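Notes follow the structure.
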Amino acid sequence: MLDNFLFIGFPYIALALAVVVGVYRYVADRFSYSSLSTQFLENKQLFWGSVPWHYGITLILLAHLTAFFIPNIHLAVLGGYLRTVVLEVTGWALSFYALFGLLVLAVRRLSISRVSVTSNLADWLLLISLIVQVGLGVYLAIFYRWGGLWFTKTAAGWLWSLLTLRPDISYIQSMPWAVKLHFFFAFVVILLFPFTRLVHVFTIPITYIWRPYQVVIWSRK
Ligand code: HEM
């Protein structure tokens, strides 16, 4: 019963809210679609937090996506024993890199008063959820090895069953609690997406590369 709610009901609620509220916010308050950068309040710690976090998590999430969307290629890349070990260790390094960045961002938000006074409940909920989610990911990677292999036979089946509207939790039902918690928290992050500065992942800031510097002015009600 609880499993049905956590791994069927909750994911659908989170996804539905992410889409509906996300679109509504884009239409009703387009200027709020931003990371609400605090770079002009503090820059040095932001650099040491933001760079490791973004490079680390982008590559880790790309690996999640390849395991889900193109499992045959993903498994072929993992190939034999040596390649699996090398990629597993690379995953650890990237996830520690991302976690380090995230913790720097949390300490910065707590300790720099100009940043902490401009932080709201949503900022804290998002930061704490990301720390829990990435912490659980690191835990899985270390204590339930070879996730790159077992993901394709377990989590991928469950996610596809959700996507095709034929939910089936038998793929993941007997998995250890830490693994299930990581799956559940993924949807907590999705739920938080439209209510937080996480919406900035859809602003695709490609033009940052060539546009001149700018002064960031918040537009918050
Ligand atoms: C339902 C969605 C998700 C599923 C099914 C899933 C599944 C997994 C699995 C099976 C592993 C173990 C990989 C290994 O042993 O190398 C893992 C690791 C990890 N996950 Fe997720 N995950 C999901 C969403 C997320 C999200 C949203 C984040 C971050 C925001 C995240 C961050 C991580 C991290 C940092 C690791 C450690 C990677 C490593 O060291 O190799 N995951 N995930």
Check your understanding: At 222 nm, what helix-only mean residue ellipticity would the chain give, in deg cm²/dmol to the nearest 500, using -39500 (n - 2.57) for each DSSP H run of four or more?
Key -> -21500 deg cm²/dmol
Review point. How big is the charge dipole of the stretch 2-209 about its Cα centre, in debye rounded to the nearest 20, if each Lys and Arg gets +1 on its Cβ and each Asp and Glu gets -1 on its Cβ?
Key: 200 debye
Check your understanding: Which whole-number percent of Cα pairs in the stretch 1-71 have a distance greater than 15 Å?
Key -> 75 percent
Practice item. Take the chain, connect every pair of alpha-carbon atoms lying under 10 Å apart with a spring to form a Gaussian network, then pick out the residue of Ser111, Ser95, Ser129 with the largest mean-square fluctuation. Key: Ser111
Review point. Applying the Karplus parametrisation 6.51 cos²θ - 1.76 cosθ + 1.60 with θ = phi - 60° to the phi angles of the stretch 105-111, what ³J(HN,Hα) value in whole Hz is obtained for each residue in order, glycine and proline being reported as x?
Key: 4, 5, 4, 4, 5, 7, 8
Point to revise | Hz values of 3J(HN,Hα) by residue in the stretch 54-63 - Karplus curve (6.51, -1.76, 1.60), Gly and Pro given as x | key: 5, 5, x, 6, 4, 5, 4, 5, 4, 5
Check your understanding: How would you classify the chain from its alpha-carbon gyration tensor, with a ≥ b ≥ c the square roots of the eigenvalues: rounded for a/c under 1.5, else prolate if a/b is greater than b/c, otherwise oblate?
Key -> prolate
Check your understanding: Label Leu41 and Trp146 with points 7 Å out from Cα along Cα→Cβ: what is the distance between them in nm?
Key -> 4.7 nm
Practice item. Rank Val19, Phe100, Val115 by how far each Cα sits towards the positive end of the charge dipole of the chain (+1 on Lys, Arg Cβ; -1 on Asp, Glu Cβ) and give me just the farthest. Key: Val115
Revision key, fill the gap. Residue span Lys153 to Val89: 0.36 nm per residue of separation minus Cα-Cα distance leaves a gain in nm of 20.9 nm
Study note, to complete from the structure: By the C-alpha gyration tensor axes a ≥ b ≥ c (rounded if a/c is under 1.5, else prolate when a/b exceeds b/c, else oblate), the shape of the stretch 45-93 is oblate
Exercise for review: Give me the distance in nm between label points sitting 7 Å out from Cα along the Cα-to-Cβ direction at Arg211 and Arg30, one decimal.
Suggested key: 1.3 nm
Review point. For the stretch 151-167, in order, what is each residue's ³J(HN,Hα) by Karplus, 6.51 cos²θ - 1.76 cosθ + 1.60 with θ = phi - 60°, in whole Hz (x at glycine and Pro)?
Key: 3, 5, 9, 10, 4, 4, x, 5, 5, 4, 5, 5, 5, 8, 6, 10, x
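No lab work stands behind these numbers, since they all come straight from the coordinates. In this text, all values refer to a predicted model and were calculated from it rather than measured experimentally. Cβ sites come from the backbone with ideal geometry, for glycine too, and all protein chains shown count toward neighbours.
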